[in-house]
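The values are calculated or read from the model by the stated rules, or taken from the named source; none is laboratory data. All values derive from a computational prediction rather than experimental measurement. Glycine also receives a Cβ, built like all others from the backbone with ideal geometry; neighbour counts cover every protein chain displayed.
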Amino acid sequence: MADMLFTAEGVTKRFGGVTALDNVSMQIPRGSIFGLIGPNGAGKTTFFNTLTGLYQVDEGKFLFDGKPLNVKAPHEVAQVGIARTFQNIRLFGEMTVLENVMVGRHVRTKAGAFGAIFRTPSARREEAEIEQRAHELLAYIDLSKRAGDKSRTLAYGEQRRLEIARALATDPKMVALDEPAAGMNATETVTLRTLIERIANDGTTVMLIEHDMRLVMNVCQHIVVLDYGKKIADGTPSQIQKDPAVIKAYLGGAHAEVGAKA
Amino acid sequence: MAKLMQLKQDKRTQMVWFVALGVLILILPFLAGMLGQAWVRILNVTLLYVMLALGLNVVVGVAGLLDLGYVAFYAVGAYTWSLLASAHFNLHYPFWVLLPLGACLAALAGLMLGAPVLKLRGDYLAIVTLGFGEIVRILMNNFDKVGLPWSDETYNITNGPRGITGIDGLNLFGLDLRKGLDVSGFNVSGFNVSGLQLYYFVFLAFAILSVIGVYRLQHSRLGRAWQALREDEIAAKAMGINTRNIKLAAFGFGALTGGLAGGLFASMQGFVSPESFGLLESIMILAMVVLGGMGHIPGVILGAVLLSAMPEVIRYAADENVQQKIFGVVLIAPEVLRNLIFSLALILIMLFKPQGLWPSPEKK
Ligand SMILES: Nc1ncnc2c1ncn2[C@@H]1O[C@H](COP(=O)(O)OP(=O)(O)OP(=O)(O)O)[C@@H](O)[C@H]1O
Ligand SMILES: [Mg+2]
């Protein structure tokens, strides 16, 4: 069996009467690009939210990097090595592009108030390192030119890329991207695809929620399909495209057929 | 090349302005002294407001936590000084004990306020902090008859609404600042530095230290975490920021500055009473932060200077004599006119400069 970075076992999450996740299990091999798809309201974002500690699961558990993922507060997840982006972009709008990425370094640095006020040598050194790393990451996503601008002034596609850079700044073992291509035009999506592949090549496992089937089918090695909170399929892109349950789920919903778009 | 020259020119004019401003700040108390010592006192109070606004700016402007009870920390600092350096308990500790102690007690009060409100935001937070400010004021008002369950005796801790009088001044190197400095011995005959003018320079030093401290905090790992919290708490958590800890730190640092200013206030004033620490005062400090430019230190300083000086200038301008001169009669009572103009000015600023008079720049 391949080396698994992340495992979910029988995860269930209910919101009152709605069972948003119903006994969902999956395994993500280290270094892979893993797709999580499904019609609107299938429970994809809810899965991210439980795995990143925003919600507590009702049943089931997660394993990450060989250990049970016992998070009591969302901020512990970044420490463990999981970073995420948000479906509805959540940048720090009044902060500059560079500062947004610098915030991502928070969890890997430790200077406190004393170091800040007295500008101790160690705090200054750390600050310089944070800034340099942030600049590197901006170059990585090709946004260096906008480093000094407030992040709310960026174009939509740029904001999505910046969210990815900010997540990468936490030195994650796995990044969870929630619909990174939403609102992007065709050119931007191509750039995004290259970026995602580069992230995986550089050793970070990618978990991708996406409605853009062309992107998902091209970039993912493995895909899980959710529908009404249940896992209805699990396999390679070509297996998923042929899966009758998947086709039915997509045709039954408001979405285009999986195969047609791919 | 021309561009480089231009840049050099800009740098030079900037330098000139900077030096001019510095000189102005240094001679200001003497200029004000020519108009009367009351004006020097206004300058000193302005410097205290600069400190208070900077402290509140950490909480409201940088970390985005609305605090309507900030004056409570000012009160803690002022009462710490007043109780431990006055005839009230006949204690007379020196400033280097009292100022740090007052600041630390205020910070502690800040943590006490912070801990129960960690989960609150916006309006709810505002209400609770408002209540906290009122509680502190009411405690000071009523702690003149503190009884213990096992005895009938009552203890007078704060002297209630009558306040505490006869508070020690700041004593620096054996010099009681309130007494002023007589430099006629140095052959500068007739030239005296008044007590209030000496206080001005002490307050100025503390205000400058506050600016440096707050600036450095804001531009640090902790400062960025505060801003991230203000911008989006969920995203901040996802970045691994322990929002509980940094919220407490924000309340603590804001309170620390307030407590320090409170101690300085008591040492200059010689008299404190709960009346000085009401809700209106908290709102005034908040207005300085908001009108100046939230989270932007130059803006906050401008807000503090304008809002603490404006009422005094209007007081002068709205004077009966001035009205008499212009209109021949006194049309509106000066006190009413003063409040009218002040409120109007605030409304106009918010209408035309909703981001504050001097908000942080769009590009860095
Ligand atoms: N905080 C919540 N409280 C109550 N119900 C919720 C909550 N979050 C999600 N749900 C419900 O759970 C279900 C799954 O929602 P979720 O956002 O996970 O879907 P999704 O797969 O991400 O859909 P989309 O493709 O539209 O983003 C929906 O029925 C939604 O209404
Ligand atoms: Mg979603």
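Observations on the structure shown:
- Residue match in region B:342-350 (condition: more than 14 Å from every other protein chain (Cβ to nearest Cβ), buried (at least 18 other Cβ atoms within 10 Å of the Cβ), touching a helix residue (DSSP H, G or I) at 6+ places or on another chain (Cβ under 7 Å) and of a type in the set (Gly, Ala, Ser)): no
- Verdict on A:ILE130 being modelled with pLDDT of 95 or more, within 20 Å of A:LYS13 (Cβ to Cβ) and at the interface with chain B (Cβ under 10 Å from one of its Cβ atoms): no
- Some residue of region A:185-193 being within 16 Å of ligand 2 (Cβ to nearest atom) and farther than 17 Å from A:ALA8 by Cβ: no
- Whichever residue in region A:194-209 is touching a strand residue (DSSP E or B) at 6+ places or on another chain (Cβ under 8 Å) and either at pLDDT below 95 or among the polar types (S, T, N, Q) (or both) and, among such residues, is nearest to ligand 2 (Cβ to nearest atom): A:THR205
- Each residue in region B:288-298 was checked for being part of a helix (DSSP H, G or I) and either without any contact (Cβ under 8 Å) to a residue 24 or more places away in the chain or crowded, with 19+ Cβ neighbours inside 10 Å (or both), and 6 of them qualify.
- Set A:PHE15, A:PHE34, A:PHE48: member being more than 14 Å from chain B (Cβ to nearest Cβ), of a type outside the set (Lys, Arg) and under 22 Å from A:THR205 (Cα atoms): A:PHE34
- Residue in region A:15-32 that is within 30 Å of A:GLY157 (Cα to Cα), within 16 Å of ligand 2 (Cβ to nearest atom) and part of a loop (DSSP other than H, G, I, E, B) present: no
- Subset of region A:152-180 (residues that are part of a loop (DSSP other than H, G, I, E, B) and either under 17 Å from A:VAL219 (Cβ atoms) or within 16 Å of ligand 2 (Cβ to nearest atom) (or both)): A:GLU179, A:PRO180
Yes or no, residue by residue, for (1) under 28 Å from A:LEU177 (Cβ atoms); (2) touching a Phe, Trp or Tyr at 6+ places or on another chain (Cβ under 9 Å):
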residue	(1), (2)
A:ASP58	yes, no
A:PHE64	yes, yes
A:HIS75	yes, no
A:ARG84	yes, yes
A:GLU94	yes, no
A:LYS110	yes, no
A:THR120	no, yes
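- For region B:216-239, filtering for residues that are more than 7 Å from every other protein chain (Cβ to nearest Cβ), without any contact (Cβ under 8 Å) to a residue 12 or more places away in the chain and either surrounded by 23 or more Cβ atoms within 10 Å (Cβ to Cβ) or of a type in the set (D, E, K, R) (or both) leaves 1.
- Among residues of region B:267-280, those that are touching a residue at least 24 places away in the same chain (Cβ under 8 Å) and within 15 Å of the chain's Cα centre (by Cα), counted: 7
- Candidate set: region A:73-100, residues that are within 8 Å of chain B (Cβ to nearest Cβ) and either among the β-branched types (Val, Ile, Thr) or part of a strand (DSSP E or B) (or both); chosen: the one farthest from the chain's Cα centre (by Cα): A:THR96
- From A:GLY104, A:GLY112, residue being surrounded by fewer than 19 Cβ atoms within 10 Å (Cβ to Cβ) and either closer than 17 Å to A:SER151 by Cα or within 8 Å of chain B (Cβ to nearest Cβ) (or both): A:GLY112
- Scanning region A:180-190 turns up one or more residues that are among the charged types (D, E, K, R), at pLDDT below 95 and either in contact with a Cys (Cβ under 9 Å, 6 or more places away or on another chain) or farther than 21 Å from B:GLU231 by Cα (or both).
- Selection status of A:PHE114, touching a Phe, Trp or Tyr at 6+ places or on another chain (Cβ under 8 Å) and away from ligand 2 (no atom under 16 Å from the Cβ): no
- Residue in region B:101-113 that is over 18 Å from the mean Cα position of the chain (by Cα), surrounded by 23 or more Cβ atoms within 10 Å (Cβ to Cβ) and of a type outside the set (D, E, K, R) present: yes
- Residue within region A:211-218 that is closer than 17 Å to A:GLN27 by Cα and assigned to a loop (DSSP other than H, G, I, E, B) present: no
- Comparison of A:MET207, A:MET217, A:MET184 shows that the only residue that is surrounded by 22 or more Cβ atoms within 10 Å (Cβ to Cβ) and either out of contact with any Asp or Glu (no Cβ under 6 Å at 6 or more places or on another chain) or within 17 Å of A:ALA42 (Cβ to Cβ) (or both) is A:MET207.
- The listed residue being away from ligand 1 (no atom under 14 Å from the Cβ), at negative phi and away from every other protein chain (no Cβ under 11 Å), out of A:ASN40, A:ASN70: A:ASN70
Okay, residues lined up against (1) within 16 Å of ligand 2 (Cβ to nearest atom); (2) within 28 Å of A:ARG108 (Cβ to Cβ); (3) buried (at least 19 other Cβ atoms within 10 Å of the Cβ); (4) at pLDDT 95 or above:
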{"site": "A:ILE37", "(1), (2), (3), (4)": "yes, no, yes, yes"}
{"site": "A:THR52", "(1), (2), (3), (4)": "yes, yes, yes, no"}
{"site": "A:ASP65", "(1), (2), (3), (4)": "no, yes, no, no"}
{"site": "A:LEU69", "(1), (2), (3), (4)": "no, yes, yes, no"}
{"site": "A:LYS72", "(1), (2), (3), (4)": "no, yes, no, no"}
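Quick grid of which residues meet (1) outside any helix (DSSP H, G or I); (2) in contact (Cβ under 8 Å) with a residue 24 or more places away in the chain:
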residue: B:ILE241; (1), (2): yes, no
residue: B:ARG244; (1), (2): no, yes
residue: B:THR257; (1), (2): no, yes
residue: B:SER282; (1), (2): no, yes
residue: B:VAL300; (1), (2): no, yes
residue: B:ALA309; (1), (2): no, yes
residue: B:ARG315; (1), (2): no, no
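- Residue satisfying all of: in region B:240-250; more than 23 Å from B:PRO298 (Cβ to Cβ) and of a type outside the set (Lys, Arg); farthest from the other protein chains (Cβ to nearest Cβ) among these: B:LEU248
- Every condition in (1) surrounded by 19 or more Cβ atoms within 10 Å (Cβ to Cβ); (2) farther than 21 Å from A:ARG193 by Cβ; (3) within 16 Å of ligand 1 (Cβ to nearest atom) is met by A:PHE48 except one, and the failing one is (2).
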